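What follows is a single structure, written as structure tokens, with notes after it.
Derivation of every value follows stated rules applied to the coordinates shown; laboratory data play no part. Everything numeric in this text was worked out from a predicted model, so none of it was measured. Cβ coordinates were reconstructed from backbone atoms using ideal geometry, including for glycine residues, and neighbour counts include every protein chain displayed.
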Amino acid sequence: MAVIEHADTKMPPSTEISTVMQNFERECLRWGPILPTGARHLRVSGRQAMAHCFGPPASGAIDPKAAEKPAHPFDRYWWDISTTYLEHARNCLGAWLIDDRRSRQMRLAPYYLWRRDEDDAARVGYSQKPAVVPIDD
């Protein structure tokens, strides 16, 4: 979380972002089986949130070539959406660990739904069907 929390004051280098995401992937593989049912998407959602903020280096754990690519320039809009999602996910997991650990259920929206609710452009995009382009022979 620290790499994204402070990105508004100092953008981390691509190598640091990639290293953080590799550690994130490793921890998700380790702890994923015991996550509650509503949080099984956390591995993908966390990666999506980081990728919207930082770009290719956030995918370094699944594509080693991406780790070497430069990060996106800082964008406060995407930083805010990504940071608030990751904070919300952390708070939900914390509450589950403290209060509801015996319950295998947890309500944590996937990142793409969070983004849709926060982002006007995403709402418009999800509500429209893509146009079918005819193929000329």
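With a simple spin-label model that places each label point 7 Å from the Cα along the Cα-to-Cβ direction, the separation between residue 34 and residue 107 comes to 2.6 nm. Using a simple spin-label model with pseudo-atoms 7 Å out from Cα toward Cβ, residue 76 and residue 15 lie 3.1 nm apart. State log₁₀ I(q)/I(0) for the stretch 2-124 at q = 0.13, 0.18 Å⁻¹ as given by the Debye formula over alpha-carbon point scatterers of equal weight, solvent excluded. Debye curve over Cα of the stretch 2-124, log10 I(q)/I(0) at q = 0.13, 0.18 Å⁻¹: -0.53, -0.97. Extension gain for residue 23-residue 44 works out to 6.2 nm (0.36 nm per residue, less the C-alpha to C-alpha distance).
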